Structure formats: structure tokens, C-alpha cells
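The values are calculated or read from the model by the stated rules, or taken from the named source; none is laboratory data. It should be emphasised that the depicted structure is a prediction, and the values quoted were computed from it without experimental measurement. Glycine gets a Cβ as well: all are built from the backbone with ideal geometry, and neighbour counts include every protein chain shown.
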Amino acid sequence: QKEVEQDPGPLSVPEGAIVSLNCTYSNSAFQYFMWYRQYSRKGPELLMYTYSSGNKEDGRFTAQVDKSSKYISLFIRDSQPSDSATYLCAMSDRGSTLGRLYFGRGTQLTVWP
Amino acid sequence: EAGVVQSPRYKIIEKKQPVAFWCNPISGHNTLYWYLQNLGQGPELLIRYENEEAVDDSQLPKDRFSAERLKGVDSTLKIQPAELGDSAVYLCASSLVVTGELFFGEGSRLTVL
């Protein structure tokens with residue numbers, strides 16, 4: 001079992017839809033939670049960064065962390081065709097593997113006009 | 001500000017041949033990472049540098065992989081000899097501090113025939 005599980009999709013939605021992406025994890029030491037967006041043949045770029053549990057909102061994006069359930073989510077409101085990409089969750093701890101990000105396998109999202 | 005620069009972007013070699021990838025991090029970023037991304041998977045850390053020192057290389061297959069970061073700036077990742085299973089994207093990333101945001105390059109895509 002991998003430390004971070006993420007449904008690879010693919011997920012296809014119409015423009016304007018609300019998109020829900022999520023990951024589960026097994027390591028209770030994870031404290032930092034991130035969502036990266038990766039366009040085809042590009043490197044990942046950071047979208048959202050949260051520490052511990054709670055919600056964080058940035059424009060059309062909302063990240064949620066539920067440490068009790070070991071479950072994180074990313075919501076995209078009013079989705080746009082430009083949101084079409086692969087979304088990777090990532091997490092890390094402050095222990096012996098400080099600085100190492102553990103990624104999910106990514107969910108491929110297509111938003112059609 | 002220039003981002004993380006990697007070269008070559010694409011490389012095709014035959015098995016048992018050597019290959020090297022080069023990375024120039026964002027100016028002033030002391031922490032440099034090499035990640036491996038297999039098709040349809042999230043990136044996995046190979047090695048992390050703090051300045052010139054490799055502080056986390058536990059995931060680097062040392063029988064065939066080597067890396068160096070001379071003068072604490074540019075870094076080179078080498079594979080010798082390459083195997084078919086090494087076909088993947090090799091991502092370089094840098095951060096200002098180890099707990100800070102990672103900035104990824106566009107990656108070097110390796111195909112081993």
C-alpha cells in the first residue's frame with residue numbers, strides 16, 4: 001500500500017462545474033499538505049499549501065484537510081477549460097524525511113467548453 | 001526571474017548507454033531536489049541537496065545512479081548504464097528553504113530503447 005492514494009480518473013466535466021478531487025494517506029505524521037497542478041509535458045506547479053487540519057481558500061480553489069480521517073480535498077469552483085491538467089496531492093512531515101514530498105499518482109481532469 | 005532550467009528536455013538512448021541530466025536552480029535557492037516521475041505516477045524523490053551536501057539520498061539507486069552539485073548551484077544526475085526501466089521524466093526542483101515551496105523545472109524525458 002502506497003502512503004498516498006489518489007484516484008487517477010480521468011475526470012471530465014463541463015465548463016462551470018464544481019470539481020472535487022481527493023486523496024487519502026496512511027502516515028499520521030504528515031503535517032504539510034499541498035496540491036500541485038501539472039500540465040502536459042510540464043513540471044508540477046504549486047496551487048495550494050496547508051498546514052495541519054482545516055480549510056484554505058484561494059480564488060476558485062478551496063483545499064480541505066481532515067487529519068482525523070487522513071483525507072484531503074481540493075475543490076475547484078466555476079471550472080474553466082484552462083483548468084484541464086493533472087492534479088497531484090503531496091504531503092510531508094517534519095521528521096526524518098523532512099524535505100521529502102510524498103505525491104499521489106495524480107488525477108487527470110478535462111474541462112470541456 | 002528565471003525558473004528552474006533543465007537540459008536536455010528529451011533524450012533517447014539505447015540500453016547500457018550512459019546519460020546525464022543537468023539542472024540550474026533558481027538563484028539563491030540552497031535546496032535542490034531530483035525527482036523521478038514514471039508515466040501515470042506522481043514524482044518520487046531521488047536525492048535532496050542542501051548546498052553541496054546530499055542530505056537525503058536514500059531513494060537513489062546507487063549502483064547505477066550518481067549525482068553531484070558542485071559549488072552548491074548547478075547539479076548533474078547521471079545514469080550508467082541505463083536500463084529499459086529507467087524510461088521516465090527526471091524532474092529537478094529547488095526551494096529557498098527545506099520547508100518552503102518547491103519550484104519544478106519542466107523535466108528531462110528519458111526513453112531507453
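Given the criterion in contact (Cβ under 8 Å) with a residue 12 or more places away in the chain, more than 14 Å from the chain's Cα centre (by Cα) and farther than 21 Å from A:MET34 by Cβ, identify the matching residue among B:LEU84, B:LEU60. When all the criteria are applied, what remains is B:LEU84. The sole residue among B:SER75, B:SER95 that is within 11 Å of the chain's Cα centre (by Cα) and among the hydroxyl-bearing types (Ser, Thr, Tyr) is B:SER75. Could you tell me whether any residue of segment A:46-54 is away from chain B (no Cβ under 14 Å), β-branched (Val, Ile, Thr), surrounded by 14 or more Cβ atoms within 10 Å (Cβ to Cβ) and in contact with a strand residue (DSSP E or B) (Cβ under 7 Å, 6 or more places away or on another chain)? Checked against the condition, which is being away from chain B (no Cβ under 14 Å), β-branched (Val, Ile, Thr), surrounded by 14 or more Cβ atoms within 10 Å (Cβ to Cβ) and in contact with a strand residue (DSSP E or B) (Cβ under 7 Å, 6 or more places away or on another chain), segment A:46-54 yields no hits at all.
Here's the yes/no breakdown for (1) within 12 Å of chain A (Cβ to nearest Cβ); (2) part of a loop (DSSP other than H, G, I, E, B); (3) free of Cβ contacts under 8 Å to residues at least 12 places away in the same chain:
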residue	(1), (2), (3)
B:GLY3	yes, yes, no
B:ILE12	no, no, no
B:GLN17	no, yes, no
B:PHE21	no, no, no
B:GLY28	no, yes, no
B:TYR33	yes, no, no
B:LEU39	yes, yes, no
B:GLY42	yes, yes, yes
B:LEU46	yes, no, no
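Got a sec? Which of A:SER79, A:SER12 is modelled with pLDDT of 95 or more and assigned to a strand (DSSP E or B)? Exactly one residue qualifies, and that residue is A:SER12. Applying the selection to segment B:66-113, what residues are crowded, with 19+ Cβ neighbours inside 10 Å and more than 14 Å from chain A (Cβ to nearest Cβ)? Residues satisfying the conditions are B:ALA67, B:ARG69, B:SER75, B:LEU77, B:ILE79, B:ALA82, B:ASP86, B:VAL112.
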